[in-house]
Amino acid sequence: MEHVRRIRDAQDQAAFAELFQHFAPRIKAFLIKSGSDAALAEECAQEVMATLWHKAHLFDPTRATVATWVFTIARNKRIDVLRKQRRPEPEDLGWGPEAEPEQEDVLALQQETAQLRDAMAALPEAQRQLIEKAYFGDLSHREIASQTGLPLGTIKSRIRLALDRLRHAMN
(Lines give C-alpha, C1' and ligand atoms only; values in the text may rest on other atoms or scores of the structure.)
Protein backbone atom coordinates (compact mmCIF):
# COMPACT_ATOMS: atom_id res chain seq x y z
CA MET A 1 0.00 0.00 0.00
CA GLU A 2 2.90 2.32 0.79
CA HIS A 3 4.35 1.79 -2.69
CA VAL A 4 1.06 2.77 -4.36
CA ARG A 5 0.88 5.87 -2.15
CA ARG A 6 4.43 6.83 -3.19
CA ILE A 7 3.55 6.35 -6.85
CA ARG A 8 0.35 8.37 -6.42
CA ASP A 9 1.92 11.23 -4.46
CA ALA A 10 5.42 11.48 -5.94
CA GLN A 11 5.50 9.34 -9.12
CA ASP A 12 8.16 7.33 -7.29
CA GLN A 13 9.87 5.20 -9.93
CA ALA A 14 11.70 3.06 -7.39
CA ALA A 15 8.39 2.12 -5.73
CA PHE A 16 6.96 1.32 -9.16
CA ALA A 17 9.98 -0.82 -10.05
CA GLU A 18 9.54 -2.84 -6.86
CA LEU A 19 5.83 -3.32 -7.51
CA PHE A 20 6.59 -4.24 -11.12
CA GLN A 21 9.14 -6.88 -10.06
CA HIS A 22 6.66 -8.30 -7.58
CA PHE A 23 3.44 -8.26 -9.62
CA ALA A 24 4.38 -8.56 -13.31
CA PRO A 25 5.42 -12.25 -13.16
CA ARG A 26 2.41 -13.10 -11.00
CA ILE A 27 0.02 -11.30 -13.36
CA LYS A 28 1.54 -13.11 -16.33
CA ALA A 29 1.17 -16.48 -14.59
CA PHE A 30 -2.41 -15.64 -13.59
CA LEU A 31 -3.30 -14.75 -17.19
CA ILE A 32 -1.65 -17.88 -18.59
CA LYS A 33 -3.59 -20.02 -16.10
CA SER A 34 -6.73 -18.18 -17.26
CA GLY A 35 -6.13 -19.39 -20.81
CA SER A 36 -4.06 -16.61 -22.41
CA ASP A 37 -0.97 -17.42 -24.44
CA ALA A 38 2.41 -16.19 -23.16
CA ALA A 39 2.65 -13.23 -25.55
CA LEU A 40 -0.83 -11.99 -24.71
CA ALA A 41 -0.19 -12.49 -20.99
CA GLU A 42 3.04 -10.49 -21.24
CA GLU A 43 1.30 -7.67 -23.11
CA CYS A 44 -1.59 -7.57 -20.62
CA ALA A 45 0.84 -7.59 -17.68
CA GLN A 46 2.60 -4.57 -19.18
CA GLU A 47 -0.76 -2.79 -19.61
CA VAL A 48 -1.81 -3.64 -16.06
CA MET A 49 1.37 -2.16 -14.66
CA ALA A 50 1.00 0.94 -16.84
CA THR A 51 -2.54 1.30 -15.51
CA LEU A 52 -1.21 1.01 -11.96
CA TRP A 53 1.24 3.83 -12.69
CA HIS A 54 -1.34 6.11 -14.31
CA LYS A 55 -4.26 5.36 -12.00
CA ALA A 56 -2.61 4.98 -8.61
CA HIS A 57 -4.80 7.87 -7.44
CA LEU A 58 -7.87 5.62 -7.88
CA PHE A 59 -6.68 2.97 -5.44
CA ASP A 60 -8.84 2.89 -2.31
CA PRO A 61 -7.30 0.82 0.52
CA THR A 62 -10.68 0.69 2.28
CA ARG A 63 -12.15 -1.30 -0.64
CA ALA A 64 -9.37 -3.75 -1.49
CA THR A 65 -5.77 -4.74 -1.00
CA VAL A 66 -3.20 -3.73 -3.59
CA ALA A 67 -3.03 -7.33 -4.84
CA THR A 68 -6.81 -7.53 -5.25
CA TRP A 69 -6.84 -4.20 -7.11
CA VAL A 70 -3.99 -5.23 -9.42
CA PHE A 71 -5.49 -8.64 -10.23
CA THR A 72 -8.89 -7.05 -10.84
CA ILE A 73 -7.25 -4.74 -13.37
CA ALA A 74 -5.57 -7.79 -14.94
CA ARG A 75 -8.85 -9.68 -15.16
CA ASN A 76 -10.57 -6.68 -16.76
CA LYS A 77 -7.73 -6.22 -19.28
CA ARG A 78 -8.03 -9.88 -20.26
CA ILE A 79 -11.81 -9.50 -20.73
CA ASP A 80 -11.24 -6.41 -22.90
CA VAL A 81 -8.75 -8.30 -25.08
CA LEU A 82 -11.13 -11.24 -25.47
CA ARG A 83 -13.96 -8.93 -26.45
CA LYS A 84 -11.78 -7.29 -29.08
CA GLN A 85 -10.79 -10.68 -30.46
CA ARG A 86 -14.41 -11.82 -30.74
CA ARG A 87 -15.58 -8.65 -32.44
CA PRO A 88 -16.66 -9.53 -35.98
CA GLU A 89 -14.84 -8.08 -38.94
CA PRO A 90 -16.69 -5.29 -40.72
CA GLU A 91 -18.44 -6.34 -43.90
CA ASP A 92 -16.69 -5.65 -47.15
CA LEU A 93 -17.63 -2.22 -48.35
CA GLY A 94 -19.14 -2.19 -51.78
CA TRP A 95 -17.96 0.22 -54.43
CA GLY A 96 -20.18 2.77 -56.03
CA PRO A 97 -23.42 4.34 -54.90
CA GLU A 98 -25.96 2.35 -52.96
CA ALA A 99 -29.32 1.61 -54.46
CA GLU A 100 -32.01 4.16 -53.68
CA PRO A 101 -34.39 2.97 -50.95
CA GLU A 102 -37.96 2.18 -51.89
CA GLN A 103 -40.33 5.14 -51.54
CA GLU A 104 -42.57 3.25 -49.11
CA ASP A 105 -39.55 2.51 -46.89
CA VAL A 106 -38.62 6.20 -46.86
CA LEU A 107 -42.20 7.16 -45.99
CA ALA A 108 -42.38 4.54 -43.19
CA LEU A 109 -39.09 5.78 -41.73
CA GLN A 110 -40.31 9.38 -41.81
CA GLN A 111 -43.51 8.39 -40.03
CA GLU A 112 -41.63 6.43 -37.36
CA THR A 113 -39.26 9.35 -36.87
CA ALA A 114 -42.19 11.76 -36.38
CA GLN A 115 -43.86 9.30 -34.00
CA LEU A 116 -40.65 8.96 -31.98
CA ARG A 117 -40.17 12.75 -31.89
CA ASP A 118 -43.73 13.13 -30.51
CA ALA A 119 -43.20 10.33 -27.99
CA MET A 120 -39.93 11.92 -26.81
CA ALA A 121 -41.65 15.30 -26.44
CA ALA A 122 -44.38 13.68 -24.31
CA LEU A 123 -41.86 12.28 -21.81
CA PRO A 124 -41.34 14.08 -18.50
CA GLU A 125 -38.39 16.46 -18.82
CA ALA A 126 -36.16 14.48 -16.42
CA GLN A 127 -36.68 11.24 -18.35
CA ARG A 128 -36.28 12.89 -21.76
CA GLN A 129 -32.96 14.45 -20.77
CA LEU A 130 -31.61 11.10 -19.54
CA ILE A 131 -32.70 9.31 -22.74
CA GLU A 132 -31.00 12.01 -24.81
CA LYS A 133 -27.77 11.70 -22.80
CA ALA A 134 -27.79 7.89 -22.94
CA TYR A 135 -28.81 7.33 -26.55
CA PHE A 136 -27.99 10.52 -28.42
CA GLY A 137 -25.06 11.61 -26.24
CA ASP A 138 -23.74 8.04 -26.06
CA LEU A 139 -23.01 8.29 -22.33
CA SER A 140 -23.02 5.32 -19.95
CA HIS A 141 -25.35 5.33 -16.97
CA ARG A 142 -22.35 5.87 -14.69
CA GLU A 143 -21.19 8.87 -16.76
CA ILE A 144 -24.69 10.36 -16.64
CA ALA A 145 -24.78 9.88 -12.86
CA SER A 146 -21.48 11.69 -12.39
CA GLN A 147 -22.52 14.44 -14.80
CA THR A 148 -25.94 15.03 -13.21
CA GLY A 149 -25.13 14.20 -9.59
CA LEU A 150 -28.08 11.79 -9.44
CA PRO A 151 -27.67 8.32 -7.92
CA LEU A 152 -26.95 5.55 -10.43
CA GLY A 153 -30.13 3.68 -9.41
CA THR A 154 -32.23 6.77 -10.13
CA ILE A 155 -30.65 7.11 -13.58
CA LYS A 156 -31.39 3.47 -14.40
CA SER A 157 -34.97 3.66 -13.09
CA ARG A 158 -35.79 6.82 -15.04
CA ILE A 159 -34.30 5.47 -18.25
CA ARG A 160 -36.20 2.18 -17.82
CA LEU A 161 -39.47 4.08 -17.26
CA ALA A 162 -38.80 6.34 -20.24
CA LEU A 163 -38.05 3.39 -22.52
CA ASP A 164 -41.24 1.68 -21.40
CA ARG A 165 -43.23 4.82 -22.23
CA LEU A 166 -41.55 5.13 -25.61
CA ARG A 167 -42.21 1.45 -26.36
CA HIS A 168 -45.92 1.89 -25.64
CA ALA A 169 -46.10 5.11 -27.66
CA MET A 170 -44.44 3.48 -30.67
CA ASN A 171 -46.81 0.45 -30.71
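If you check R75, R83, R117, which single one turns out to be modelled with pLDDT of 90 or more and open to solvent by 60 Å² or more (accessible area, probe 1.4 Å)?
Residue meeting the stated conditions: R117.
Quick check on D138: is it at pLDDT below 95, loosely packed, with under 11 Cβ neighbours inside 10 Å and outside any helix (DSSP H, G or I)? Quick ask: steps written out before the conclusion?
Values: at pLDDT below 95: yes; loosely packed, with under 11 Cβ neighbours inside 10 Å: yes; outside any helix (DSSP H, G or I): yes.
Answer is yes for this residue.
What helices (runs of 4 or more DSSP H) lie completely within the range 1-77 and have 1 or more residues being polar (S, T, N, Q)?
Details: elements: 2-10, 13-33, 38-54.
Result: 13-33, 38-54.
Against the conditions (1) exposed (fewer than 13 other Cβ atoms within 10 Å of the Cβ); (2) at pLDDT below 90, where does Q13 fall short? Just the number, please.
(2)
The values are calculated or read from the model by the stated rules, or taken from the named source; none is laboratory data. The structure presented is a predicted model; accordingly, all values stated were derived computationally and were not measured. All Cβ positions, glycine included, derive from the backbone under ideal geometry; neighbour counts span all protein chains shown. Side chains included, ligands, DNA and RNA excluded: accessible areas come from the protein's heavy atoms. Shrake-Rupley method; radii C 1.70, N 1.55, O 1.52, S 1.80 Å.
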